[in-house]
1. Condition check: among the β-branched types (Val, Ile, Thr) and free of Cβ contacts under 8 Å to residues at least 24 places away in the same chain. Does residue B:210 satisfy that?
2. Condition first: within 14 Å of another protein chain (Cβ to nearest Cβ) and either in contact with a Cys (Cβ under 9 Å, 6 or more places away or on another chain) or free of Cβ contacts under 8 Å to residues at least 60 places away in the same chain (or both). Can you find one or more residues in the stretch A:313-321 that meet it?
3. Does residue A:267 fit the bill of being open to solvent by 20 Å² or more (accessible area, probe 1.4 Å) and within 30 Å of residue A:159 (Cα to Cα)?
4. Residue by residue through the stretch A:42-84, note down the ones that are open to solvent by 60 Å² or more (accessible area, probe 1.4 Å), more than 10 Å from every other protein chain (Cβ to nearest Cβ) and in a loop (DSSP other than H, G, I, E, B).
5. Would it be correct to say that residue A:167 is at pLDDT 95 or above and either more than 14 Å from chain B (Cβ to nearest Cβ) or open to solvent by 20 Å² or more (accessible area, probe 1.4 Å) (or both)?
6. Which ones in the stretch A:355-371 are under 14 Å from residue A:414 (Cβ atoms) and either touching a residue at least 24 places away in the same chain (Cβ under 8 Å) or surrounded by fewer than 21 Cβ atoms within 10 Å (Cβ to Cβ) (or both)?
Number of protein chains: 2
Amino acid sequence: MTTLRLLKTAACALFLSALQPFSPSAFSSAPPPKITPTWTEVAPGVWKAVIGTPDDYTLLGAAGNFAPLKDALAAMPAAKFPLHRDEIIGRLVNGKTTLRFPLGNREDIYGLGVEFSSVHRNGQIFQLHVDHYSQKQNISGRTHAPVPFYISDKGYGVFINAARYLNVNVGVSVRLDSKNKPEPVDRNPVVPEKTKWSSMPRSDSIEFLVPAAGAEVYVFAGPTPMDAVRRYNLFCGGGALPPKWGLGFMSRMPAKTTADEALAEVRRFREKGFPLDMLGLEPGWHSASYPCTFEWNKDRFPEPEKFLAELEKLNASANLWFNPYVSPRSTELHGKLLPYAADHLVWNGIVPDYTMPEARKIFSDHITKNVIRSHPAGLGGFKIDEVDGYDRYLWADVTIFPSGRDAEQLRQTYGLLMQKMVYDIYRGLNRRTFGQVRGSNGGASPLGFGIYNDNYNYNDYITAVGNASFAGVLWSPEVRGSKGLDQLRRIQAVCWSPLALLNGWNSTAKLWDSEQYAADVRDAIVLRMRLLPYWYASFAQYRYEGTPVIRPMQLLGGMKLAVTTETGKLDDTENPYELGKVSEVRDQYMVGDNILVAPISASVKERKVILPPGKWYDFYTGKYVGANETITVTPPPSQIPLFVRDGGIVPMVPERHWAPGPDEMLPLEVRHYGAAPGSYAVYDDDGVTFDHERGDFSWTTLEVKRDAKGKLTGRVIPDKSGNKWRYSTVTWVFMTK
Amino acid sequence: MTTLRLLKTAACALFLSALQPFSPSAFSSAPPPKITPTWTEVAPGVWKAVIGTPDDYTLLGAAGNFAPLKDALAAMPAAKFPLHRDEIIGRLVNGKTTLRFPLGNREDIYGLGVEFSSVHRNGQIFQLHVDHYSQKQNISGRTHAPVPFYISDKGYGVFINAARYLNVNVGVSVRLDSKNKPEPVDRNPVVPEKTKWSSMPRSDSIEFLVPAAGAEVYVFAGPTPMDAVRRYNLFCGGGALPPKWGLGFMSRMPAKTTADEALAEVRRFREKGFPLDMLGLEPGWHSASYPCTFEWNKDRFPEPEKFLAELEKLNASANLWFNPYVSPRSTELHGKLLPYAADHLVWNGIVPDYTMPEARKIFSDHITKNVIRSHPAGLGGFKIDEVDGYDRYLWADVTIFPSGRDAEQLRQTYGLLMQKMVYDIYRGLNRRTFGQVRGSNGGASPLGFGIYNDNYNYNDYITAVGNASFAGVLWSPEVRGSKGLDQLRRIQAVCWSPLALLNGWNSTAKLWDSEQYAADVRDAIVLRMRLLPYWYASFAQYRYEGTPVIRPMQLLGGMKLAVTTETGKLDDTENPYELGKVSEVRDQYMVGDNILVAPISASVKERKVILPPGKWYDFYTGKYVGANETITVTPPPSQIPLFVRDGGIVPMVPERHWAPGPDEMLPLEVRHYGAAPGSYAVYDDDGVTFDHERGDFSWTTLEVKRDAKGKLTGRVIPDKSGNKWRYSTVTWVFMTK
């Protein structure tokens, strides 16, 4: 292959090097002007501004345009616009929109979606992009719910209502005209400089690039960070209120399970005394799957209605897996949806354009008629898979959708659209649903779906439990084929998350497998069932007041949670930019008002727990453990570390293995911790329907005071409306002696 | 913190669930039409098409709009348009452009920039985005030179001349109207299906999303993949031809080195007999750095001209580090460039808009007058750092540049702009330069800069050496603070890359540190120096014929290089999509026509080497090693595995420690390997200036034939033009006995 020398005499090859290879300027004249937006208070403590001409298709629109809960917002503390209006700047540049918000020198930012590796956002850059999360692909912002909503520890929030891939810089990239520019520092001074050189000088801005000709922006007042989150959730329509059975336990079956095997599994749960409310069926219930037919598989489920009726008799309901890509093997659905299909496929199935009402109607009618049929009580919900990513599975960004919306817009909202359709299907049946989804986004607060993924890293999963609450979504650290202590520790953690489940889609692992730990696994699930009144009240707070059920420490107030950055050590191959290691609190959170949860993984025997201000008590014993300090705990395998605040009241029911029916009355055990008086409002309704929207619900107050002799005494204060709760006797247990 | 029950009576909260939350369609009528572009042959075997209205600012423009080498293109085999024109489709969709190219069922794709983890592109998705590469952030397409040019093993190439973040799907995301759609497969069949379910069904397309209102596209004919690369390089203006000293060894000093320390280091190289041509000075030569002043540091370099003159006397020249961000501490440059600065800073320095001719002139004049001064021979070039990424260091995508070009466009081309400015500065002095750069892109072929980064993974680095040749750029696997055998193996590898260097910017490691390996380190560098005629001829092939110096196996032809994909094993936590492991050949390559290089890392003692068709011989001994087979070698530490093809001729000079001057005459040793006759053209010119563009160069042919008695005999055939080479005596060495 000796190359011929073809060009020995090509001596006069010219290197033309033009000085002006392109027109010198793209702006017709000056750069585009800075726009100081006009803010309108659209709900109490919620302001909206419009810069340029935003897309008509938005996140809130895709989520279903729920009406803001204005009464609840009005009941919050009065609030002024929380920022200096002239420090918020928009600009329309070459068809895109830039947004600048101020960032104070000591201000900490949280939110921007369900990330898995960190909570604190300062010094980070994101491209918010619905995708699966994996440790192997950790571009910040690629996640299952990249909600463009951030919260400041100064007590306000900002939401960009754009269904686009948004670039966000939080305190990174200093502006030339900033009044707070850091001084330049010589990294290699002859005489040492006063300031150490930093590879990331702090900027005084949070900046967004919205790839659209305008943007719709909301600012939420506080006064606290929690209040900002509450206003966001209330503005989105309030938080999700699951049916009571949604707070029970879910077990998902292997993909090819038959009706008989499924029913046998439920009976096994009942025999062994393991709680179960939801039985998850994976792809094999479809006549063909990946892509899906959305038709019952006749071999595995020859009599779907009988199967669902049987489940109902066993006090359980099915949750059916699907991904939204419709198989040409379906009898009808594919043909009906084909006119509304995108021009690219997913797993060889069509991708319906569910921004189009016609397509939504076809799908909803089909599911109602052909899948749920006449048994909504035996089929409580769905698991909506693969609406997140990753890029190699989903439609390419070149895909054309018949509505004319961009592939990017559909990618950012497909999970929202699917959730809303499923929600509406059940709403049409006057039944609440609770399920799973793998992709979500802004505006999802009222939609009852737990997000999940395949990452399975314990610490990442716990981080996401908390981060979800900054984003108006629910995250479930689902348990898969773990064994022994790992299974136990994961079950304990998932029972302290919004949705408690074992996902056995490809595993033969059972909860009762471990001789050593099966009883502890059962105890963890039973404890969740016993706490049903507490969980339900916490979700009601989410529904009516916007307060997240899971409350990350950063939302609690009362303490400055240190984000510590070690000084980085320069190394020419390992750390050329002298980056420091960041530590932050992302492994503990409150569930509801009173219980502090500190999950512990099987890989460690002890862990640190930060106790917020006030006295704290061990959940199991009622003993005092500390106040406003960091303690180290070494919990036995049987216990996930749980702590209750002073005066904390925890309502519980006796052990049971499925949720109570609408007319069932249960005895109540009311625990009180510590020495302080306290009160707690127990919410109740039928637990199944939307009748609570018509007033059919009650808040019953449990109050503990010291009597004249100084003895703690409890009393029950019924709802003023006269509406009753569904509890019979009340037993008071004062845990702290 | 017992929450007040504010809303117990808010019974009538409304959930308004609009059926049409947004206008049903964004297209005014039908979807945008498919455009079959018109192709014009703009150079022999090179076709151009324009879809819509592309940006006026392009990659080729930013690289300097070099004139295509049309004579060299005309000398290549005649070629027809290599694709079916009607299978290439463009579409203008909502202000963006989609492009679809066909992908055959058995077609393999390479290119799309300097990636580090793979060579083969099928089944991958990229967002081409100039950035640093790190294993921690491996979104495909984020790399130092994300060149939008791909090569098919069917023998053609495609280039998108757009300075934008381009999304590319290679054989991923099947189109609904494809005639080659894979059949849907049930992943969970009751009766097994014929085909195994795949998480990534193969598509028959390569698709681009160009976020601009049009695109300029080029198709390059073959007939071979190597020919397609050659046409690309020739169309871009031909490959870079370094000065001879650029092919010597570079050693970079710690950041705070003084003039005296620098000169002492050069003398140490001379005393110890280690070759050295370039001495790299890191940030400390600036009066302040990060951001940079572009002024000599008066404490460390009180007399720059004397320092440079002294270097020149020692037969070495300096290479000065900078990043392009200008410090307010500079005397003049900051003020002069401020009117052309972007509205965001990098490390508190301004970011000049070098798309503007005025800014380019200010910078070029300053460097020429204040930095190079009157000593271009003592200051041969620059290292252009941090024009790549990562996002947290560079300007945000919201940045506004005074030319009106987008931050995205500047990000994609800043490395190109800087290279071209430095190239032009030296061209103005009629001296070639050779340096380093951390970010590049399409059109860079004529610019002589080796790309580098901080990743430092041995296998990644070797992959990039080869991948760079698919992209018209040069990659150097630079050695940093390694020791012992690791240093030796890395030095051996870097000496078989375009730019041989030790980067001691923050290391005290010296090449002569190891008692055990110092002699081998020296030998590796001496071998590179002895091969100067071979390296220079190989670069001349790049310059005049477009043939890359480094030739990855996939470009060689003659063999189908297996990309093997193991069948993935389903696992519910580790591998839920049953992905298989991909193996490909990315650890060996040809350098020039005759030498096969198989770098070996310090972590292994043996490795496999694929020998292409024909007989192959050991470089060191001339012994036969095999033909068209895979062998295993266990090289001693002193040897990097090197093999020469049958009939291969390798011209060498005696040991020397710096490049020869323009008028220096050297004796030539010509090695011949194997039994076959052969010929090899040795290129020569003054090694320093651009005078070769005016014909001042020669190609002298070394020919080995068997004489009448069957004995191998060599002869020298001078250049027909009468131009002489700079070699005195010729000694023939027949290596294979």
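1. Taking the combined requirement at face value, the residue does not satisfy it.
2. Filtering the stretch A:313-321 down to residues within 14 Å of another protein chain (Cβ to nearest Cβ) leaves A:320-321.
After this cut, where a residue has to be either in contact with a Cys (Cβ under 9 Å, 6 or more places away or on another chain) or free of Cβ contacts under 8 Å to residues at least 60 places away in the same chain (or both) as well, the list is A:321.
Scanning the stretch A:313-321 turns up at least one residue that is within 14 Å of another protein chain (Cβ to nearest Cβ) and either in contact with a Cys (Cβ under 9 Å, 6 or more places away or on another chain) or free of Cβ contacts under 8 Å to residues at least 60 places away in the same chain (or both).
3. The answer is no for residue A:267.
4. A:53, A:77, A:78, A:80, A:84 - these are the residues of the stretch A:42-84 that are open to solvent by 60 Å² or more (accessible area, probe 1.4 Å), more than 10 Å from every other protein chain (Cβ to nearest Cβ) and in a loop (DSSP other than H, G, I, E, B).
5. In short, yes.
6. A:355, A:356, A:360, A:363, listed by residue number.
Here's the yes/no breakdown for (1) farther than 24 Å from residue B:452 by Cα; (2) outside the structural domain of residue B:658 (by TED's automatic domain parsing); (3) among the hydrophobic types (A, V, I, L, M, F, W, C); (4) touching a helix residue (DSSP H, G or I) at 6+ places or on another chain (Cβ under 8 Å):
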site: B:230; (1), (2), (3), (4): no, yes, no, yes
site: B:250; (1), (2), (3), (4): no, yes, yes, no
site: B:255; (1), (2), (3), (4): no, yes, yes, yes
site: B:263; (1), (2), (3), (4): yes, yes, yes, yes
site: B:267; (1), (2), (3), (4): yes, yes, no, no
site: B:273; (1), (2), (3), (4): yes, yes, no, yes
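Yes/no matrix, rows are residues, columns are (1) of a type outside the set (S, T, N, Q); (2) within 14 Å of another protein chain (Cβ to nearest Cβ); (3) buried (at least 18 other Cβ atoms within 10 Å of the Cβ); (4) under 29 Å from residue A:607 (Cβ atoms):
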residue: A:649; (1), (2), (3), (4): yes, yes, yes, yes
residue: A:654; (1), (2), (3), (4): yes, no, no, no
residue: A:673; (1), (2), (3), (4): yes, yes, yes, yes
residue: A:684; (1), (2), (3), (4): yes, yes, yes, no
residue: A:690; (1), (2), (3), (4): yes, yes, no, no
residue: A:704; (1), (2), (3), (4): yes, yes, yes, no
residue: A:720; (1), (2), (3), (4): yes, yes, no, no
residue: A:732; (1), (2), (3), (4): yes, no, no, no
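The values are calculated or read from the model by the stated rules, or taken from the named source; none is laboratory data. Keep in mind that this is a model prediction, so the values were computed, not measured. When we count neighbours, we look across all protein chains shown, and the Cβ atoms used for this are built from the backbone with ideal geometry, even at glycine. Note: accessible area is taken over every heavy atom of the protein model, side chains too, but ligands, DNA and RNA are not part of it. Shrake-Rupley method; radii C 1.70, N 1.55, O 1.52, S 1.80 Å.
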